[in-house]
Amino acid sequence: MNESQLRWAKRFKWISLAEGISFLLLLGIAMPLKYGFDMPLAVKYTGWAHGVLFVVYIYAVYPTARSLKWSFSRTFFALVASLLPFGPFIFDRNLNKSQKTKF
């Protein structure tokens with residue numbers, strides 16, 4: 001893996017982890033606070049942050065896929081992973097195994 005590819009892989013990994021954590025915070029903390037304790041601002045702010053990170057993730061998939069020469073199925077899996085809780089973490093683990101290197 002050359003320098004440019006490594007840079008894209010590291011950048012995507014951090015974006016992916018941030019998006020995944022924000023999704024888990026939204027589902028696991030903010031939603032229960034909103035519906036269990038009548039605190040709608042928790043969802044407002046966490047949801048806003050997750051939305052921004054989700055858009056950044058989606059925009060990062062395509063240049064990363066192009067740089068790392070991902071197949072269509074891997075790119076599709078990256079996009080689907082962003083919709084599932086724990087999806088970005090599973091995708092990252094799968095990517096690390098297939099690249100046989102830790103970013």
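Using all pairs of distinct alpha-carbon atoms, the Kirkwood hydrodynamic radius of the chain works out to 14.3 angstrom. In this Cβ point-charge picture (+1 for Lys and Arg, -1 for Asp and Glu), the chain has a dipole of about 480 debye about its Cα centre. Over all other residues within a Cβ to Cβ distance under 12 Å of TRP14, the charged ones net out to +2, with Lys and Arg as +1 and Asp and Glu as -1. In summary, the helical segments of the chain meeting the span-like criteria, namely a full DSSP H run, a Cα extent along the axis of 30 angstrom or more and a mean Kyte-Doolittle hydropathy of at least -1.0, are 3-25, 40-68.
Shape analysis of the range 1-53 yields a ratio of the Cα radius of gyration to the Kirkwood radius, Rg/Rh, of 1.24. Entry note, the chain: the mean residue ellipticity at 222 nm calculated from DSSP H runs of n ≥ 4, each adding -39500 (n - 2.57), is -26500 deg cm²/dmol after division by the residues and rounding to the nearest 500. Along the axis of the charge dipole computed for the chain (Cβ charges of +1 for Lys and Arg, -1 for Asp and Glu, origin at the Cα centre), the listed residues THR46, ALA65, ILE90 are led at the positive end by ALA65.
Laboratory data are not the source of any read-out in this text; all were calculated from the coordinates shown. Please read all numbers here as calculations on a predicted model, not as lab measurements. Cβ atoms come from the backbone with ideal geometry, glycine included; neighbour counts cover every protein chain shown.
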